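The values are calculated or read from the model by the stated rules, or taken from the named source; none is laboratory data. Everything numeric in this text was worked out from a predicted model, so none of it was measured. Here the Cβ is made from the backbone with ideal geometry for all residues, glycine too, and neighbour counts use every protein chain on show. Surface areas here come from the heavy atoms of the whole protein model, side chains and all, with no ligands, DNA or RNA. Shrake-Rupley method; radii C 1.70, N 1.55, O 1.52, S 1.80 Å.
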Amino acid sequence: MAAFVAMVLGAAIVMACGGLMETGIRTAVPPQQLAGADVVVAGEQRYDIPRTDELAVLPERVRVDDDLVATVAAVDGVATADGRVLDEPAPSGTVDAIAVTAAPGVSAGELRGRIDAALDGTATTTLTGDDRGLAELHEARASSEDLISLAGVFGGWATMVSMFGVASMLALSIQQRGRELALLRATGATPGQLRRMVLGETLPLSVVATALALIPGRYLGEFLFQRMTDAGVVPAGVEFRQGWIPVVTAVGAALIAAVGGALIAGRRAAAVRPVQALAEADLDARTMSPWRWLFGLLALSGGIALGVVTVTVMSGPLTSSTAGPAVFLWAIGLALLSPALTRAMTAGLQWPVRAVAGVSGHLAVLNARGRTARTAAVVTPIIMLTGIATGTLYLQATEDAVNRDTFTRGLVADAVVTSSAPAGPELVDRIAALPGVGGASELVRSAGFVESPHDDSQSDEGWTLQGVTATGAAATTPVTTVDGALTDLTGDTVALAADHARSLGVGIGDELTLRLGDGATATVRVAATFDAAADYDTLLLPADLLAPHTTAGGVHEILVAADDDATAGAVVGELRGLAAATPGLAVADRAALFDDYGDQQRTLAFANYTVVIMIVAYAAISVINVLSSSTGARRREFGLQRLTGATRAQVLRMVGAEGVLVAAVGIVLGTLASVATLVPFSLARADQLTPSGSPLIYLGVVAVALGLTITATLLPAWQVLRQRAAQAAATAD
């Protein structure tokens with residue numbers, strides 16, 4: 001039953017992550033405003049980065065020239081073609097999409113092909129079916145990449161963790177049948193017959209388990225997707241999709257785990273000579289197989305390699321992309337080597353256990369040393385639970401702390417004024433003239449790419465583009481001018497980091513060609529270079545140049561900084577007085593900005609926590625499964641102890657001491673896995689040796705691991721001890 005539960009849960013987790021990935025790939029957005037159209041023509045949001053194989057998604061709505069409405073209307077088979085404005089305002093001469101209806105007898109697919117031919121060479125895309133909604137929700141394409149990446153990473157590790165858990169559970173169940181297998185071997189069964197028997201028992205179990213996993217896998221995937229939608233990782237409007245591919249993947253992973261676990265577990269029992277079989281049934285003194293040594297050392301080598309890459313190569317938010325997988329590799333590597341490590345750690349911990357628990361501790365140590373394979377099987381899920389939980393929680397805590405520090409250093413403004421209607425330069429001038437104001441600047445946010453000269457340093461997400469007001473940029477941006485002046489940021493100009501300018505080989509007066517967020521190109525002249533924080537990947541542009549190329553189409557935020565003689569509170573008071581007299585204005589001070597940023601960070605971290613908690617929960621269930629099964633199988637042993645004079649309380653104390661010993665070994669090794677990951681990550685990301693976050697995080701993980709271990713050990717033992725000693729001693733294994 002324990003192996004069966006592990007299979008069901010493992011398949012359900014893999015299926016859920018597969019559903020998330022399929023949802024990201026399909027990006028199904030059923031149309032609302034465009035539901036009546038058979039075909040929709042929209043701007044092409046995808047962008048081929050020059051001289052690379054990378055494909056990016058433009059962050060702003062790419063609009064369509066309204067002259068193309070007539071071109072589409074003239075296509076054979078088109079009944080109607082209407083230009084639609086989905087986001088107000090739309091720049092003059094453009095539409096957001098063209099809604100096309102087909103003439104009677106013309107299919108949507110056929111009409112789409114004809115329209116594609118007519119619009120060949122234009123920056124447009126034609127959409128049918130659920131893809132039509134992408135014209136309404138253009139940001140869905142960008143979110144789909146995030147969802148695919150998140151589901152791929154955690155789905156891969158969930159697959160590995162679940163396969164590892166299922167294989168460990170099966171290995172333990174086979175070990176507990178050592179006497180039965182030994183008798184079969186001694187009475188003439190061949191190694192091949194034993195392997196086929198074990199495989200024949202496992203296959204029906206895994207088939208039934210994976211079939212039952214279909215329902216919880218579906219609901220788990222929908223639950224995770226809804227949590228990501230609520231957290232803002234995926235925009236509302238994208239629908240969850242889980243077809244046959246995740247089902248086949250989950251079934252395949254579960255079957256591979258079951259078959260692999262059965263073959264590995266039965267190999268040793270089937271390979272022993274008949275004379276040795278009965279001697280090995282009760283006392284396990286076997287050594288680790290060469291394959292286990294090999295894969296364990298390979299996993300640790302991978303963890304070490306990722307740690308080196310984390311320290312020497314990675315920087316900024318990308319640091320977690322190598323540190324995250326490293327904690328899994330360390331945990332898996334130590335779990336694979338757990339028989340050898342458990343033997344060594346038991347030898348080191350035997351004296352304190354014996355000193356504290358007396359005779360019960362002495363028996364607990366003897367049991368752990370005499371049954372190394374069983375003890376290691378119990379330690380394995382504790383390593384996974386402690387290592388993954390501690391490593392992931394502190395990785396996220398450190399990332400959050402670094403991001404908060406970066407935000408604090410970058411927030412030089414004392415307040416932000418938001419306007420429901422597009423704000424103009426006259427509002428900036430009114431704010432700059434208020435008493436105590438040291439500078440005011442429009443704020444426009446977007447992203448774009450450097451097309452010329454070629455930029456080797458930009459990622460597929462491009463550079464952050466920030467639109468500013470020349471007269472207030474110096475007071476409201478966290479930069480120090482190196483060459484030129486920010487006051488020259490007028491017209492078609494740009495300011496960029498000095499090291500970025502050097503890498504491009506440009507200086508003051510040189511030109512750059514930019515691809516803006518809506519797909520338009522802009523040739524700009526370098527007006528200034530500046531120094532800033534290492535992760536300030538931003539190009540400064542005049543707000544009136546950038547704003548028309550955003551989906552909003554205008555300026556809606558104004559940053560305000562106090563001068564040296566005024567307090568931030570006094571300036572905020574002046575701004576609130578202006579807002580009270582001007583409809584549509586709102587004012588937020590630094591505290592509100594920090595609160596808003598904190599909410600955004602919690603939103604982004606929520607999805608990661610959700611998926612990681614799911615994996616950790618599976619590891620916790622594995623702990624309960626393994627310990628309950630292992631303890632419950634010792635019925636005969638406990639009966640014999642009681643027949644030789646031990647009381648129920650003494651047996652329970654012995655079992656409790658074993659639980660503490662096993663938990664200590666697993667917690668120490670799991671802690672080692674997390675430390676081996678967190679130290680390189682903290683050095684690379686925060687320039688410190690220890691991660692950020694409260695010590696209560698670690699204490700909480702340890703308490704959960706210890707509590708699960710003790711509970712899952714003592715409860716089955718108490719249940720077994722309710723049986724009469726003579727009857728329990730006569731019970732076969």
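Give me the distance between the Cα centres of segment 673-708 and segment 362-385, rounded to whole Å. The distance from the Cα centre of segment 673-708 to that of segment 362-385 comes to 24 Å.
Apply the a/c threshold of 1.5 to the C-alpha gyration tensor of segment 341-399 and tell me whether it is rounded, prolate or oblate. In terms of gyration-tensor shape, prolate. Taking Cα atoms only, the orientation of helix 695-721 departs from the longest principal axis of the chain by about 30 degrees.
Altogether, the Stokes-Einstein calculation at 25 °C and 0.890 mPa s, with the Kirkwood radius of segment 313-469 over Cα pairs as Rh, returns a diffusion coefficient of 112 µm²/s. Shown here: log10 I(q)/I(0) by the Debye sum over Cα atoms at q = 0.07, 0.08, 0.09, 0.12 Å⁻¹, derived from the displayed model; of the candidates [x] -0.50, -0.66, -0.85, -1.55; [y] -0.65, -0.79, -0.92, -1.29; [z] -0.51, -0.66, -0.84, -1.36, it corresponds to [y]. Phi-derived couplings, Karplus 6.51 cos²θ - 1.76 cosθ + 1.60 at θ = phi - 60°, listed residue by residue for segment 451-467: 8, 8, x, 4, 10, 6, 8, 7, 8, 6, 9, x, 9, 5, 10, 10, x Hz, with x used for Gly and Pro. When the Cα gyration tensor is reduced to axis lengths a ≥ b ≥ c, the ratio a/c is 1.5 or higher for segment 493-562, and with a/b not above b/c it is classed as oblate. Per-atom-type breakdown for the chain gives carbon and sulfur 60% of the accessible area (1.4 Å probe, protein chains only). Each label was represented as a point 7 Å from its Cα along the Cα-to-Cβ direction; for MET1 and ASP120 these points are 6.7 nm apart. The angle separating the long axis of helix 214-230 from the principal Cα axis of greatest extent in the chain is about 40 degrees. Using alpha carbons only, the radius of gyration of segment 132-204 set against its Kirkwood radius gives Rg/Rh = 1.42. Solvent exposure of segment 1-136 amounts to 42 Å² per residue of accessible area, where only protein heavy atoms count and the probe is 1.4 Å. Computed extension length for THR464-VAL85: 133.8 nm, one decimal, from 0.36 nm per residue of separation with the Cα-Cα distance subtracted. For the chain, the Cβ-based charge dipole about the Cα centre amounts to some 7080 debye (Lys, Arg positive; Asp, Glu negative; other atoms uncharged).
In terms of packing, defined here as the mean over residues of other Cβ atoms within 10 angstrom, the peptides 223-236, 108-121 line up highest first as 223-236, 108-121. Entry comment: accessible area of segment 492-647 is 42 Å² per residue, from protein heavy atoms only and a probe of 1.4 Å.
Listed highest first by mean packing, meaning other Cβ atoms within 10 Å per residue, what order do 158-170, 456-468 come in?
Going from most to least packed, we get 158-170, 456-468.
In the context of the full set of protein chains, segment 332-487 has a per residue accessible area of 37 Å² (1.4 Å probe).
With contributions of -39500 (n - 2.57) from each DSSP H run of at least four residues, the per-residue ellipticity at 222 nm computed over the chain stands at -20500 deg cm²/dmol.
Compared with the dominant principal axis of the Cα atoms in the chain, helix 568-581 is inclined by about 60°.
From most to least packed by mean Cβ count within 10 Å, the peptides 61-71, 388-398, 551-561, 695-705 give 388-398, 551-561, 61-71, 695-705.
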